[in-house]
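Have a look at the structure below before the remarks.
The values are calculated or read from the model by the stated rules, or taken from the named source; none is laboratory data. These figures come from a predicted structure and were not determined experimentally. No Cβ is skipped: glycine too gets one built from the backbone with ideal geometry, and neighbour counts run over all protein chains shown. Only protein heavy atoms, including side chains, enter the accessible area calculation; ligands, DNA and RNA are left aside. Shrake-Rupley method; radii C 1.70, N 1.55, O 1.52, S 1.80 Å.
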Amino acid sequence: MVAIQWGALAARALFFTSTHPHQHAVDNSAYPKNAQDAAKALQEWYDQPSGLWKTTGWWNSANCLTVLGDLALADDAVGQAIGIKDIFQNTFYNAQKTVATADKLLGKTGMFISTYKYEEHKHKSSRKRKAQGFPKFLNNFYDDEGWWGLALVRGWDATGDAAMLTAAQTIFDDMAENGIDSTCGGGIWWSKDKKYKNAIANELFIALGASLASRVPLRKDSYIRQTVKNWNWFKQSGMINDKGLINDGLKITDKGCVNNGMQTWSYNQGVILGGLVELSKVTGDQSFLAEAVTIANAALKALQDEKGIIREIDRCEPNCGDDGSQFKGIFVRNLAYLHKVAPHDNFRDAILKNADSIWAHNRNSKNQLGINWAGPAEAGKGPTAATHSSAMDVLVGALAAIKY
């Protein structure tokens with residue numbers, strides 16, 4: 001792979017801004033109402049007893065929770081109107097008792113297929129669900145754990161419930177103590193089977209550790225040390241290709257570990273942005289922001305179509321699978337985090353252009369949002385909690401974009 005010269009390149013990228021921002025068509029006052037209406041629609045899929053969202057999976061539900069937390073922090077009045085604090089409480093106490101087993105298959109391009117189901121066992125003539133769940137939100141996949149860790153950090157921010165912050169720390173500790181070894185020179189494995197080291201698990205580790213560093217003073221130095229070490233390993237691992245995009249993971253060979261050439265999925269370009277934003281905040285080191293801006297610009301160049309609409313890297317819409325349906329919103333969510341601390345006109349324009357398109361062209365009569373942000377909402381399997389929460393990330397991101 002071509003080595004990226006992060007210093008000068010990233011520094012120039014940080015301070016480059018467009019002087020011709022896009023003139024979006026929607027009045028700024030519409031964005032809070034749009035986000036509130038989308039949140040109400042999302043809750044039509046919410047299952048109160050389990051604390052999860054129907055039509056989607058375990059890790060996706062963590063992302064549903066995260067976007068609601070971001071909404072509550074962006075607009076407190078909307079958060080109160082939706083009852084987001086109560087949703088966090090219910091999900092925190094019920095979700096970890098609900099799902100029993102997790103399985104994932106990795107495809108040739110790096111797209112995985114997740115399956116979550118109850119374990120069953122026989123009791124004489126009846127079959128009953130085994131009361132197992134994922135206690136403390138821990139399971140066999142470190143990426144699943146990372147998603148829930150970030151959701152619980154957002155829960156702490158939105159509710160002040162210390163139990164959520166403690167649970168996020170427990171998740172990080174499991175990732176750090178059991179997931180990292182010297183294979184490929186470092187980094188965390190994707191699963192506890194330890195067969196694949198990939199981008200998303202490591203990005204989530206960085207984002208979670210950096211987030212905890214600014215929220216748990218007694219462990220600040222430890223979190224920073226572990227997170228920075230992982231980021232330094234990540235940069236030299238080979239996963240960032242010569243276009244500045246992040247491929248899915250590493251291939252382990254007899255001669256060492258190399259970029260596996262799998263897809264540069266949108267969420268792989270996104271989570272790292274949020275992690276670097278948090279690292280910059282907690283360390284005061286602006287170089288982390290410069291590196292994030294470089295990645296964000298490369299990602300936007302690759303993901304936006306000729307009309308500026310963000311599409312998955314392989315243009316798989318509307319058939320990106322149940323997992324891939326979540327990816328793009330994660331990218332925009334983290335782009336919005338970056339825009340708040342390093343405003344760029346092209347970031348703002350991308351967020352607002354896609355928010356406008358989603359609301360105008362990718363929404364059905366129930367305010368449900370589909371996978372193709374240019375519309376129609378019914379494309380593919382139609383709206384699900386995954387496609388909807390992903391698009392909702394853009395609507396919530398617009399609340400930040402109009403302020404910066």
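Structural remarks
- Checked against the criterion of being touching a Leu at 6+ places or on another chain (Cβ under 7 Å) and among the β-branched types (Val, Ile, Thr), the candidates ILE330, ILE358 yield just one match: ILE358.
- Subset of the range 238-253 (residues that are open to solvent by less than 20 Å² (accessible area, probe 1.4 Å) and in contact with a Lys or Arg (Cβ under 8 Å, 6 or more places away or on another chain)): GLY249, LEU250
- Residue within the range 206-219 that is closer than 30 Å to CYS316 by Cα, at pLDDT below 95 and within 20 Å of the chain's Cα centre (by Cα) present: no
- Complete set of residues in the range 343-366 that are in contact with a helix residue (DSSP H, G or I) (Cβ under 8 Å, 6 or more places away or on another chain), open to solvent by 10 Å² or more (accessible area, probe 1.4 Å) and of a type in the set (A, V, I, L, M, F, W, C): TRP359
- Of the residues GLY284, GLY256, the single one that is at pLDDT 95 or above and either of a type outside the set (Ser, Thr, Tyr) or surrounded by fewer than 22 Cβ atoms within 10 Å (Cβ to Cβ) (or both) is GLY284.
- Considering only residues in the range 383-404 that are out of contact with any helix residue (DSSP H, G or I) (no Cβ under 7 Å at 6 or more places or on another chain) and open to solvent by 10 Å² or more (accessible area, probe 1.4 Å), the one that is modelled with the lowest pLDDT turns out to be LYS403.
- Sole residue being crowded, with 22+ Cβ neighbours inside 10 Å and either in a loop (DSSP other than H, G, I, E, B) or in contact (Cβ under 8 Å) with a residue 24 or more places away in the chain (or both), chosen from GLU306, GLU278: GLU278
- For the range 259-275, the tally of residues that are open to solvent by 10 Å² or more (accessible area, probe 1.4 Å) and in a helix (DSSP H, G or I) stands at 0.
Let's see how each residue does on (1) part of a helix (DSSP H, G or I); (2) farther than 19 Å from ASP27 by Cβ; (3) more than 16 Å from the chain's Cα centre (by Cα):
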residue	(1), (2), (3)
CYS316	no, yes, yes
VAL332	yes, yes, no
ALA360	yes, no, yes
ASN367	no, no, yes
SER390	yes, yes, no
LEU395	yes, no, no
ALA398	yes, no, yes
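- Close pairs from the range 244-257: first closer than 17 Å to ILE188 by Cβ and assigned to a loop (DSSP other than H, G, I, E, B), partner among the aliphatic types (A, V, I, L, M) and modelled with pLDDT of 95 or more, Cβ under 9 Å, at least 6 apart: ASN247/ALA199; ASN247/MET239; ASN247/ILE240; ASP248/ALA199; ASP248/ILE200; ASP248/MET239
- Unmet criterion (only one of (1) in contact with a Leu (Cβ under 8 Å, 6 or more places away or on another chain); (2) surrounded by 23 or more Cβ atoms within 10 Å (Cβ to Cβ)) for HIS339: (1)
- Restricting the range 318-330 to residues that are part of a helix (DSSP H, G or I) and at pLDDT 95 or above, the residue that is surrounded by the most Cβ atoms within 10 Å (Cβ to Cβ): GLY329
- Number of the exception - ASN28 against (1) modelled with pLDDT of 70 or more; (2) more than 19 Å from the chain's Cα centre (by Cα); (3) assigned to a helix (DSSP H, G or I): (3)
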